[in-house]
1. Of (1) assigned to a loop (DSSP other than H, G, I, E, B); (2) modelled with pLDDT of 95 or more; (3) not polar (S, T, N, Q), residue 303 satisfies all except one. Which?
2. Taking segment 400-409 as the search range and keeping residues that are in a helix (DSSP H, G or I) and small (Gly, Ala, Ser), which one is farthest from the ligand (Cβ to nearest atom)?
3. If we scan segment 100-112, do we find a residue that is touching a Cys at 6+ places or on another chain (Cβ under 6 Å) and in contact (Cβ under 8 Å) with a residue 60 or more places away in the chain?
4. Please find, among 95, 125, 38, 30, the residue that is on the phi < 0 side of the Ramachandran plot and surrounded by fewer than 17 Cβ atoms within 10 Å (Cβ to Cβ).
5. Every residue in segment 211-224 that is more than 14 Å from residue 30 (Cβ to Cβ) and touching a Lys or Arg at 6+ places or on another chain (Cβ under 9 Å), please.
6. Considering 359, 386, 397, which residue is in contact with a helix residue (DSSP H, G or I) (Cβ under 8 Å, 6 or more places away or on another chain) and under 17 Å from residue 7 (Cα atoms)?
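The values are calculated or read from the model by the stated rules, or taken from the named source; none is laboratory data. Computed from a predicted model, the values in this text were never measured in an experiment. Note that each Cβ is placed from the backbone with ideal geometry, even for glycine, and that neighbours are counted across all protein chains shown.
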Amino acid sequence: MRVLVLGAGVVGVTCAWFLRQAGHDVTVIERQVGPGRETSFANGGQISVSHAEPWANPGAPRKVLQWLGREDAPLLFRPRASVEQWAWGLSFLHECTPARAALNTRRLVALGLYSRAVLKQLRAEIGLEYPYSERGILHFYTNDADFELARTSAALMRSLGCDRRSISPDEAVALEPALAVVHDRIVGADYCAEDESGDAHAYTMKLAERCQQRGVEFLLETTVSRVLVESGSCIGAEIVRADETITRLSADAVVACLGVQTRALLAPLGIRLKIVPAKGYSATFDITDAKRAPNVSLTDDEYKIVFSRFDLRLRVAGTVELGGVGLELNPARCDALTRRTEALFPGACDFSQPRYWAGLRPLTPSNVPYLGATRIRALYLNTGHGTLGWTMAAGSGELIASLISGRPTAVALPAVAA
Ligand SMILES: Cc1cc2nc3c(=O)[nH]c(=O)nc-3n(C[C@H](O)[C@H](O)[C@H](O)COP(=O)(O)OP(=O)(O)OC[C@H]3O[C@@H](n4cnc5c(N)ncnc54)[C@H](O)[C@@H]3O)c2cc1C
């Protein structure tokens, strides 16, 4: 089959790889000059199944209200006069009921576990080289009540097959000696040895090269202006090239992997996706004293930020602003990342030269991505991975390739209400 993959983020490129492996003739269309230049560019790097719980849970509405209007809140909701944003908010509340939260957790963990296994297998099979670490993810707490709640989540995760262990401060520091500076403040931690971390952008670039070597075509600096539908079937896409020429590409199947842009592109077809941009920030520092920098990927629960090390770079990422699509850097948020990193790992990096970045997570109300067929024949979705797009990209790509190839999927796909 001739398949068009729209978007060359981590999700689109991985999907293209598995489609090609399944024997399809694949073309990837990307508006940027290269793959992985938007949300997949400088994320937190964590392959984190152990913390795949959705944000929509019974305790979330109270927390969001507490944080409303606080510029330094881990999750900042900027109310706007936008129908989409309010519709998204109502759906989010619906997903906060205990029954919905439990269902979404099961789906996310199943997809996460599968995806993590597919990533490990892919890397081993083709010897994909990019900076990554298999030392697990350690999530540390400085507040007793939060750690107690985390113990319950850890038990739930274990019951779902994800080995997240609650450990003492001593055990946490033994696993990651760079945390010694804040040993006294840590009240406990979770550790998942199977989780990992890696540079999503480097992975996306390397995998795109491998795709090209195996015959996948990349149309870069090319914007998809329309998805073409005739008699209820998707027949291809209209594209605008860098020289502004407009071309219609025909296809037997089209997969939309456009991150936050997917909603706008498919809305004219009557496909109403509930995806909002959830802005986040990262800072990347050059490591100057390797012993003081963490080797294990970390999550600082108090500040809701993550740390991943890619060789001699340390990435810190986090914060969520819902509403608004701008990528401008808020200096207060950027400074907060640097201050916290320096407080935790003094002397580890050159903190005078931070490289700041902001990206827009494509967030659904349930955190569960849109993965599968739509009601338009031959049009598929692989989008809306929110906070966990890097974690879930490998499994999502393999599942969509199986679906399009008419093979049974290894994990049940959540119904796509579109
Ligand atoms: C601060 C931050 C930290 C994060 N940390 C983590 C983490 O630790 N672990 C994790 O799993 N996830 C993390 N994420 C989330 C993860 O980065 C995203 O879920 C993931 O990058 C989404 O990938 P994507 O391919 O769907 O979207 P994108 O990477 O945005 O790719 C979509 C592509 O489509 C292209 N495109 C859009 N419209 C068009 C068009 N009309 N025509 C042609 N091309 C188009 C874009 O240029 C883009 O390249 C983080 C995100 C942020 C912002």
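1. Here residue 303 clears every test but (2).
2. Selected residue: 402.
3. The answer is yes, given that some residue of segment 100-112 is touching a Cys at 6+ places or on another chain (Cβ under 6 Å) and in contact (Cβ under 8 Å) with a residue 60 or more places away in the chain.
4. Testing whether each residue is on the phi < 0 side of the Ramachandran plot and surrounded by fewer than 17 Cβ atoms within 10 Å (Cβ to Cβ) leaves just 125.
5. 214, 215
6. Just one listed residue meets the conditions, 397.
Residues checked against (1) modelled with pLDDT of 95 or more; (2) farther than 30 Å from residue 224 by Cα; (3) within 11 Å of the ligand (Cβ to nearest atom):
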position	(1), (2), (3)
2	yes, no, no
34	yes, no, yes
43	yes, no, yes
57	no, yes, no
64	no, yes, no
70	no, yes, no
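Table: residues versus (1) at pLDDT 95 or above; (2) polar (S, T, N, Q); (3) surrounded by fewer than 18 Cβ atoms within 10 Å (Cβ to Cβ).
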residue: 317; (1), (2), (3): yes, no, no
residue: 320; (1), (2), (3): no, no, no
residue: 330; (1), (2), (3): no, yes, yes
residue: 336; (1), (2), (3): no, no, no
residue: 341; (1), (2), (3): yes, yes, no
residue: 349; (1), (2), (3): yes, no, no
residue: 355; (1), (2), (3): yes, no, yes
